[in-house]
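Some notes on the structure that comes next.
The values are calculated or read from the model by the stated rules, or taken from the named source; none is laboratory data. Since we're looking at a predicted model, the values are computed, not measured. Methodologically, a virtual Cβ is constructed for each residue, glycine included, from the backbone with ideal geometry; neighbour enumeration extends over all protein chains shown. For the accessible areas, the whole protein counts, side chains as well, though only heavy atoms, and no ligand, DNA or RNA atoms are used. Shrake-Rupley method; radii C 1.70, N 1.55, O 1.52, S 1.80 Å.
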Amino acid sequence: ARAVPTLLGVVDRARTRHFIRDEIIIREGEASSHLYVVLRGDVLVERLGQGVIGRLKQGAVFGEGGLLEGARRMATVRATRGTSVMEINAQQADALCRRVPRLREDLRRQYRVRMSELLIPPGSALAGLTGSQTELLWTRLVPRRVGPGFSLARQDRVAGEFGIILSGVADVWRRSPDAGRETLGRLTPGDFFGALSLLTGAPSRVSATAVGPLQYMSLEAGDFVDLMDAWPHQRRRLQAVADGRWRPERSAAGADLLDDLLPDASVNLQLDVMKCPYCGHNQVEAERCSNCGALMPWVP
């Protein structure tokens, strides 16, 4: 990227910081507008629920999201060994961009590539988008920041937007005449909301409420429906994923099927119990933690 030599060539009076192995340089969820350049060593990029998602080596630039969008940190960056970085504050970066106009566009392009990787990781419901479709999606997405208690979705109301969580978590819950408020799980970075209601026109099955400060990318209802109508393959894939979420884990039909498979009540099932490394919750082995909703590689 042209941004790297430009930064190294024209920054003066920028602070150089040194980190030892495993020391955190920036932490996911923090508010900061500093930009960083790796001068020596390399760093790991980690994300809650996903683990290590990348490695940056000498000359790499990171932290552009806080500078360009005022966004909270989308990931944790940690030194893998003795590492030195150049720390550029917002005032210095602004002066640089005025002196070298193309720099801001270079940083913005890099930011969009990284955000696309975070919003649409391999295996996600939107992973099949082409390059041109991803670019079009970016022209419609709007970043939003909300506080604790904000309602992302309301049970029995048609969704007003489609959203993808960038940072923070939201409780997913529903009310029923028998059980009252029932907590179903959590939305964590990379999860989406509003899709099924918008695609079907039906009210949402559940409510979702921000637990703390939360950032997400929002797509207005009309824009979302227009794009999905234009991309039928993505529509079918997204609807199938959304339709399978937040259902009772064991319906009556599921119970009958299980009884057929295990007719002998004396059968002893040995289940692996796992501990979530993020919240410490113990549960039977699963793809996601049933308490915090984090997606993780389970280790017995």
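A compact table of results
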| read-out | value |
| --- | --- |
| Highest-first arrangement of 98-105, 63-70, 151-158, 205-212, where packing means the average Cβ count within 10 Å | 63-70, 205-212, 151-158, 98-105 |
| Positive minus negative residues near residue 148 (Lys, Arg vs Asp, Glu; Cβ under 15 Å) | +3 |
| Full-extension gain in nm, residue 233 to residue 142, via 0.36 nm per residue minus C-alpha separation | 30.4 nm |
| Cβ-derived FRET efficiency at R0 41 Å, residue 176 paired with residue 105, nearest 0.05 | 0.20 |
| Cβ-defined net charge surrounding residue 87, 10 Å radius [Lys, Arg +1; Asp, Glu -1] | +2 |
| Environment charge at residue 162 (Cβ cut-off 9 Å; Lys +1, Arg +1, Asp -1, Glu -1) | -3 |
| Sulfur and carbon atoms: percent of accessible area, segment 158-251 [1.4 Å] | 51 |
| Distance between segment 72-93 and segment 94-140 - C-alpha centres, whole angstrom | 19 |
| Apportionment of accessible area to carbon and sulfur, segment 56-137, percent (1.4 Å) | 50 |
| Accessible area per residue, Å², segment 73-139 with all protein chains present, probe 1.4 Å | 47 |
